[in-house]
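Here the structure is laid out as structure tokens; the discussion comes afterwards.
Just so it is clear, none of the values below were taken in a lab; they were calculated from the coordinates. All values reported here derive from a predicted model rather than from experimental measurement. Every residue, glycine among them, receives a Cβ derived from its backbone with ideal geometry; neighbour counts consider all protein chains shown.
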Amino acid sequence: MIISEEQVRLAVEYLQTPAAKCAVCAGHDASSVPPDLMDRVKATLASTPETRRDRVEQARIMLSGVTPSSREVADKMIGRIVSDSLR
């Protein structure tokens, strides 16, 4: 999903509220996760390739001569990171 500038702005506003800070941190206690589940997750992540070749090829096809500016790329990346922090 592509994040709009308005969605990023709203996410930033929300993250600046005290309630959001509590909500973002809530439920992230690693001690409540069973050790065997944590080991399985770590093993799966370790075996996952860093680059998905299918996604790289898809991006190349989509760009086909039209290169976004570094500012556009940075804005989208930062917007995605901010929005994902609400999960």
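Annotations
- Residue exposure sequence - 63, 10 - by fewest surrounding Cβ within 10 Å: 63, 10
- For the pair residue 41 and residue 55 in one chain, pulling the backbone fully straight at 0.36 nm per residue adds 2.8 nm over the alpha carbon distance.
- Between residue 19 and residue 74, full extension at 0.36 nm per residue minus the direct alpha carbon distance yields a gain of 17.0 nm.
- J(HN,Hα) series, region 63-73, from Karplus relation 6.51 cos²θ - 1.76 cosθ + 1.60, nearest Hz, glycine and proline x: 6, 4, x, 9, 9, x, 6, 4, 5, 5, 5
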